[in-house]
Amino acid sequence: MKKSIVLLSIAVLAFQLAGCAREQDSSDIVKVSYWEKWTGFEAEAMQAVIDLFNSKKFRNKDGKAIQVEMNAVSEIDRRLLMATTGGNPPDVAGVWMWLVTAYAEKGAILCIDDYLREAGITEDRYLPVFWEICKYKGKMWCLPSTPASITLHWNKRLFREAGLDPNVPPKTIQELDAMTEKLTLIKLPGNNKPISFYELKSRTNYKNLLAKGKIIQMGFLPSEPGWWPWLWGYWFGGKLWDGKDTVTTDEPRNIKAYEWVRSYSEKYGVENIKKFSSSFGVFASPQNAFLSSKVAMTTQGVWMFNFIDKYAAGMDWAVGPFPSDEGKLRDVSYIEADVLVIPRGAKHPAEGFKFIGFVNTQEAMELLCEGQRKFTPLKEVSEGFYARHKNPYIRVFRALAESPDAFIAPKMIIWPEYQREMIFAYELVRDLKASPKDVLSDVRKAMQRRLDRELEISKRVEKKR
């Protein structure tokens, strides 16, 4: 009996000691909460980076081990602000670059200048455009995770069928328009064989024939995919503001760009285009306009390879710079990036930045960007990265991010509203309901008033800080 009691006491003591050990182990770990919008293979790519970080057993200044835990969060822009306002934000969040300006103005994220200095992370490590993306009012607010550039994608098979060289894309907007005419096919009543618009327009009554016919293939549509209707002016040499305090929506080059948009509706017919576009399926499907070969050329980002690979694996395709007006500019491309921020009120900001800094090492960044099939924003890139990469055109996307004519979305506090106004203006022009000059003038006046108010508010807030 006594022996049983002794054994039981030993067992209880061992259990208690084990519990104490677990509590001790737990107290020696700082868990960094990381919110991210990604799902699927994109989340898996970041999880691989997190696993690598955790395996290296990084420690904070107190000697405690840092471990990162990622949670997928939908509507992250709204939920992050709510969590920050409520005093319970994550330690790190992955957001879209266009949110950084608004978050910085609202005081929702931390400036990371001090962390950068302490870690020795400097501008010369990055392609210039990605450092610029992370800067606002002379301060740094984030670091990039995965970048993207926008190119012209074209279907080489459709080029060959139209008698075009599949290896020679348009170099100017004017060449793009001419190729579009040859690549656009019209099915006329009573005719089994479709006719190209290029052939059709030689007939004296072609407008009547076009109205009776049906578009079954387009060479190009400014409205497809329709994600960036505000950016066309940049390929004509235009800009949407001066970078400081002046909105420039209706400058002549932007007007010319919207006149070009209007020309497609005038040439092919608003209703014809609408009927044709109604046949498109959702973007992430085999019925996607480009993937189903209904549109021969489109503007898309580096991520498009993933959808081609999944839904149109046999497609013969290529990419190159989207052409500029009269070829006056070279290698123009819209540049985006997902970025990592530290929300204000984060419980472990220093440890969170430790992870952000790790993501921005060559080893981790190449692991992440290879997994997401994107290119790295860092200047140093291993040859192994390119050798292993699945996207055959990854160097093209990277080169465009290095171009002096690469551009990013305006870093304006009013940008979300400005973007909505540009979308509305685009639709009016596309549907032939307003002239480009008039509608862009209206947008400029409205957005200038809005910007003036926001700049004044910003000045008052800065004085109080």
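The values are calculated or read from the model by the stated rules, or taken from the named source; none is laboratory data. This structure is a prediction, so every number in the text was calculated from the model and none was measured. Methodologically, a virtual Cβ is constructed for each residue, glycine included, from the backbone with ideal geometry; neighbour enumeration extends over all protein chains shown.
Here are some conditions: (1) of a type in the set (A, V, I, L, M); (2) in contact (Cβ under 8 Å) with a residue 40 or more places away in the chain; (3) closer than 30 Å to A313 by Cβ. I408 meets all but one. Which one does it not meet?
So the condition that I408 fails would be (3).
With the structure loaded, tell me whether L367 is assigned by TED's automatic domain parsing to the domain that holds C134 and within 29 Å of K64 (Cβ to Cβ) or whether it fails that test.
Criteria met by L367.
Can you find, within region 288-314, the residue that is farthest from the chain's Cα centre (by Cα) among those that are buried (at least 18 other Cβ atoms within 10 Å of the Cβ) and part of a loop (DSSP other than H, G, I, E, B)?
Looking at the filtered set, the residue picked out is K294.
Every residue, every condition in (1) in a helix (DSSP H, G or I); (2) more than 19 Å from the chain's Cα centre (by Cα), yes or no:
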{"position": "W38", "(1), (2)": "no, no"}
{"position": "E44", "(1), (2)": "yes, no"}
{"position": "F53", "(1), (2)": "yes, yes"}
{"position": "K57", "(1), (2)": "no, yes"}
{"position": "K61", "(1), (2)": "no, yes"}
{"position": "I66", "(1), (2)": "no, yes"}
{"position": "R79", "(1), (2)": "yes, yes"}
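Being more than 21 Å from A409 (Cα to Cα), buried (at least 19 other Cβ atoms within 10 Å of the Cβ), out of contact with any Phe, Trp or Tyr (no Cβ under 6 Å at 6 or more places or on another chain) and among the β-branched types (V, I, T) is the requirement here; does I112 meet it? Even if it seems obvious, please write down each step before you answer.
Working: more than 21 Å from A409 (Cα to Cα): yes; buried (at least 19 other Cβ atoms within 10 Å of the Cβ): yes; out of contact with any Phe, Trp or Tyr (no Cβ under 6 Å at 6 or more places or on another chain): yes; among the β-branched types (V, I, T): yes.
The answer is yes for I112.
Please determine, by comparing only the residues of region 356-393 that are of a type in the set (F, W, Y) and within 20 Å of the chain's Cα centre (by Cα), which one is farthest from L340 (Cα to Cα).
By that ranking, first place goes to Y393.
Only one of (1) touching a residue at least 40 places away in the same chain (Cβ under 8 Å); (2) surrounded by 14 or more Cβ atoms within 10 Å (Cβ to Cβ); (3) not in a strand (DSSP E or B) is not met by N167, so which one is it?
Going through (1) touching a residue at least 40 places away in the same chain (Cβ under 8 Å); (2) surrounded by 14 or more Cβ atoms within 10 Å (Cβ to Cβ); (3) not in a strand (DSSP E or B) one by one, N167 breaks only (2).
Can you name the number of the only condition in (1) touching a residue at least 12 places away in the same chain (Cβ under 8 Å); (2) closer than 16 Å to A409 by Cα that K244 fails?
(1)
Can you confirm whether region 424-435 contains a residue that is farther than 25 Å from A313 by Cβ, within 22 Å of the chain's Cα centre (by Cα) and in a loop (DSSP other than H, G, I, E, B)?
No.
Checking I335 against (1) assigned to a strand (DSSP E or B); (2) β-branched (V, I, T); (3) over 30 Å from G107 (Cα atoms); (4) in contact with a helix residue (DSSP H, G or I) (Cβ under 9 Å, 6 or more places away or on another chain), which test does it fail?
In the conditions (1) assigned to a strand (DSSP E or B); (2) β-branched (V, I, T); (3) over 30 Å from G107 (Cα atoms); (4) in contact with a helix residue (DSSP H, G or I) (Cβ under 9 Å, 6 or more places away or on another chain), I335 misses (3) alone.
Considering only residues of region 394-405 that are closer than 19 Å to P169 by Cβ and of a type in the set (D, E, K, R), which is nearest to the chain's Cα centre (by Cα)?
R398
Which of the residues that make up region 368-384 are buried (at least 20 other Cβ atoms within 10 Å of the Cβ) and either among the basic types (K, R) or part of a helix (DSSP H, G or I) (or both)?
Initially, region 368-384 is screened for residues buried (at least 20 other Cβ atoms within 10 Å of the Cβ), giving 368-370, 372-377.
Residues satisfying the conditions are L368, C369, E370, R373, K374.
Does any residue of region 202-210 turn out to be surrounded by 15 or more Cβ atoms within 10 Å (Cβ to Cβ) and either under 37 Å from the mean Cα position of the chain (by Cα) or in contact (Cβ under 8 Å) with a residue 40 or more places away in the chain (or both)?
The first filter runs over region 202-210 and keeps only residues surrounded by 15 or more Cβ atoms within 10 Å (Cβ to Cβ), leaving 206, 209-210.
Narrowing the set further to residues that are either under 37 Å from the mean Cα position of the chain (by Cα) or in contact (Cβ under 8 Å) with a residue 40 or more places away in the chain (or both) leaves 210.
Yes, there is a match, as at least one residue in region 202-210 is surrounded by 15 or more Cβ atoms within 10 Å (Cβ to Cβ) and either under 37 Å from the mean Cα position of the chain (by Cα) or in contact (Cβ under 8 Å) with a residue 40 or more places away in the chain (or both).
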